[in-house]
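The values are calculated or read from the model by the stated rules, or taken from the named source; none is laboratory data. What you see is a predicted model; the values in this text were computed from it and never measured. Neighbour counts run over all protein chains shown; Cβ positions are idealised from the backbone, glycine included.
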Amino acid sequence: MAKSYNLNKKKISGIEISYEKEDLICYCYDSSGQEGPLPLAVAWPKNTSEVVNLVKYANDNDLFIIPRGSGTSTTGASIPLDNNTLVISFEKMKKLLEIDTANLNAVVEPGIINGRLQREVRSFGLFYPPDPASLDICTIGGNVATNAGGPKGLKYGVTRDYVMEIEAVLPDGSIIKVGGKTYKRAVGYDLKNLFIGSEGTLGIFTKLRLKLLPLPEESLTFLVSFKNLQASGKAVSKIISSSIIPSAIELIDKASIEAVENYKPIGLPIDVEALLIIELDGSPDTIKTDAEKVLSICNSYGADISLADDPLAKDKLWEARRAISPALYNIKPTKISEDIVVPRSKIPEMLTELKSLSELSGIQIASFGHAGDGNIHVNILVDKENQEEYLSGLNIAKKVFETTLKLGGSISGEHGIGITKAQYLNLEIKERELTIMKDIKRLYDPKEILNKGKIFNFI
Ligand SMILES: Cc1cc2nc3c(=O)[nH]c(=O)nc-3n(C[C@H](O)[C@H](O)[C@H](O)COP(=O)(O)OP(=O)(O)OC[C@H]3O[C@@H](n4cnc5c(N)ncnc54)[C@H](O)[C@@H]3O)c2cc1C
């Protein structure tokens, strides 16, 4: 446990560090809308050895540590819970160190922005698929720590599927390397995969080797409108069961369509109940045949279909999709955002349940997201200042989790647990498994200094 703090506010071995309130205040928040106490200091290391020195400094002075990327966490995973905290920000460790075109991988520092990596490898004809909607602002370090996914997860998988090697600084200041340069390995326990999705609680990533793919030859993007929300869910289930894997199937419900059109009008149809953005990629012949099948399924559910026929039109559609999250704040100031995931055949049932929860409570719920892989972003729109409404919103979130689990799903598909979902962890993870997880945390971090209080409520 951290002791009360009395420390000289000076530089450590030339590392950039600040103790000033105006710098620290930004690190009390992330995209969850939660607010933490002011940390003691924020440091911006430039290399692994500076991270090691910072970790030693934190150990010597009984400080908690938070590794931080861009703070786009929607679960409070990147905010301090105690004043005696050193935030290690990776804003200045953002180099693309290597693109290995012979072996199809890239080595990066953790602070590189996802979208920048995507653009850089594209110029070599290569492709880094994980594409969270926050890709223009979030870091690869944060993506690995949360196992981030995105629309392309449907066909290409999530961040975990692209991490080959991790260099990390452990809470005692030692450096370890897990994974390696080869695609396959069968040597001992898979410590690399333990780090992925660990939300900054086991180690601090300082270098990452990521798998790349060749860029798909071609892609086709369709905007598909439905007069009925359930029909859109049924169409998704039918597409998935027809042995075609589009590169993305994204759902946008009516509340989300209206929010985007009021925020950043791009001409989405507003007289419909749901939209699907469906993208197919691959060789020209294959996608043509697949497109015919997908469109005929959508037609059978009464959909209207339009093709985004040039790169600009495609970009506009994806821009609209990425604008949903900020746009929803124009409806209500507080967004309780969950990212539940259900087996894909259960999407229609989940959508029906969400509709009835909204109607019964009178609280608006906007749903959108990666319907193709069953991952629906459920946004319960309330005003935190209205205590009664906020509590009803939290109550709805609990019911959403219960329904999700009843349908065989999981309470988080990609955002993780952080602090906002820690109280619900035991709804999904049984006691024995939870004990193993906590034991692993203690093994890596016996002093429990790394990202205190995240995932588990036990510190
Ligand atoms: C508009 C919007 C859209 C989003 N869309 C998606 C989406 O489509 N898919 C998705 O998965 N998520 C999405 N998110 C959530 C968020 O962007 C992701 O969780 C992202 O991976 C967080 O990256 P970050 O750099 O902001 O990390 P932060 O928020 O700074 O940190 C997140 C976690 O990672 C840890 N961490 C950060 N850097 C390191 C490091 N170097 N070593 C160890 N731990 C580290 C932190 O301690 C924390 O636990 C969205 C968020 C927003 C605001």
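Descriptive notes on the structure:
- Being buried (at least 22 other Cβ atoms within 10 Å of the Cβ) and acidic (Asp, Glu) is a description that does not apply to ASP309.
- Residue list for region 238-256, restricted to those being among the polar types (S, T, N, Q) and surrounded by fewer than 24 Cβ atoms within 10 Å (Cβ to Cβ): SER241, SER242, SER243, SER247
- Restricting LEU191, LEU154, LEU210 to residues that are within 24 Å of the chain's Cα centre (by Cα) and modelled with pLDDT under 95 narrows the list to LEU154.
Residues checked against (1) surrounded by 16 or more Cβ atoms within 10 Å (Cβ to Cβ); (2) touching a residue at least 60 places away in the same chain (Cβ under 8 Å); (3) in contact with a strand residue (DSSP E or B) (Cβ under 7 Å, 6 or more places away or on another chain):
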| residue | (1), (2), (3) |
| --- | --- |
| GLY418 | yes, yes, no |
| LYS421 | yes, yes, yes |
| LEU425 | yes, no, no |
| ARG432 | no, no, no |
| THR435 | no, no, no |
| LYS438 | no, no, no |
| ASP445 | yes, yes, no |
| LEU450 | yes, yes, yes |
| LYS454 | yes, yes, no |
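- Test set (1) at pLDDT 90 or above; (2) within 16 Å of the ligand (Cβ to nearest atom); (3) not assigned by TED's automatic domain parsing to the domain that holds ILE239 - GLY372 fails condition number: (1)
- Some residue of region 323-340 being under 18 Å from PRO246 (Cβ atoms), surrounded by 17 or more Cβ atoms within 10 Å (Cβ to Cβ) and either in the same structural domain as ILE365 (by TED's automatic domain parsing) or in contact with a Phe, Trp or Tyr (Cβ under 9 Å, 6 or more places away or on another chain) (or both): no
- Qualifying residue in region 64-78 (condition: under 20 Å from LYS207 (Cα atoms), in contact (Cβ under 8 Å) with a residue 24 or more places away in the chain, among the basic types (Lys, Arg) and away from the ligand (no atom under 15 Å from the Cβ)): no
- Any chance ILE305 is touching a Phe, Trp or Tyr at 6+ places or on another chain (Cβ under 6 Å) and under 14 Å from ALA235 (Cα atoms): yes
- Check on ILE88, out of contact with any Asp or Glu (no Cβ under 8 Å at 6 or more places or on another chain) and either away from the ligand (no atom under 12 Å from the Cβ) or of a type in the set (Val, Ile, Thr) (or both): yes
- Scanning region 47-56 turns up no residue that is of a type outside the set (D, E, K, R), assigned to a loop (DSSP other than H, G, I, E, B) and modelled with pLDDT under 95.
- Every residue from region 89-143 that is in a helix (DSSP H, G or I), in contact with a strand residue (DSSP E or B) (Cβ under 7 Å, 6 or more places away or on another chain) and either acidic (Asp, Glu) or farther than 28 Å from ASP23 by Cα (or both): GLU120, VAL121
- The requirement of being of a type in the set (Phe, Trp, Tyr) and crowded, with 16+ Cβ neighbours inside 10 Å is satisfied by TYR162.
This table checks each residue for (1) over 28 Å from ARG322 (Cα atoms); (2) of a type in the set (Asp, Glu).
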{"site": "ILE17", "(1), (2)": "yes, no"}
{"site": "PRO39", "(1), (2)": "yes, no"}
{"site": "ASN47", "(1), (2)": "yes, no"}
{"site": "VAL52", "(1), (2)": "yes, no"}
{"site": "ASP62", "(1), (2)": "yes, yes"}
{"site": "THR72", "(1), (2)": "no, no"}
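- Test: SER345 is hydroxyl-bearing (Ser, Thr, Tyr), in contact with a helix residue (DSSP H, G or I) (Cβ under 6 Å, 6 or more places away or on another chain) and crowded, with 22+ Cβ neighbours inside 10 Å: no
- Some residue of region 338-350 being within 16 Å of the ligand (Cβ to nearest atom), β-branched (Val, Ile, Thr) and assigned to a helix (DSSP H, G or I): no
- The listed residue being surrounded by fewer than 24 Cβ atoms within 10 Å (Cβ to Cβ), within 12 Å of the ligand (Cβ to nearest atom) and either of a type outside the set (A, V, I, L, M, F, W, C) or within 30 Å of VAL378 (Cβ to Cβ) (or both), out of GLU167, GLU98, GLU120: GLU167
- Total residues in region 27-57, condition surrounded by fewer than 20 Cβ atoms within 10 Å (Cβ to Cβ), charged (D, E, K, R) and under 23 Å from the mean Cα position of the chain (by Cα): 1
- Within region 144-160, restricting attention to residues that are more than 6 Å from the ligand (Cβ to nearest atom) and assigned to a helix (DSSP H, G or I), the residue that is nearest to GLY197 (Cα to Cα) is VAL144.
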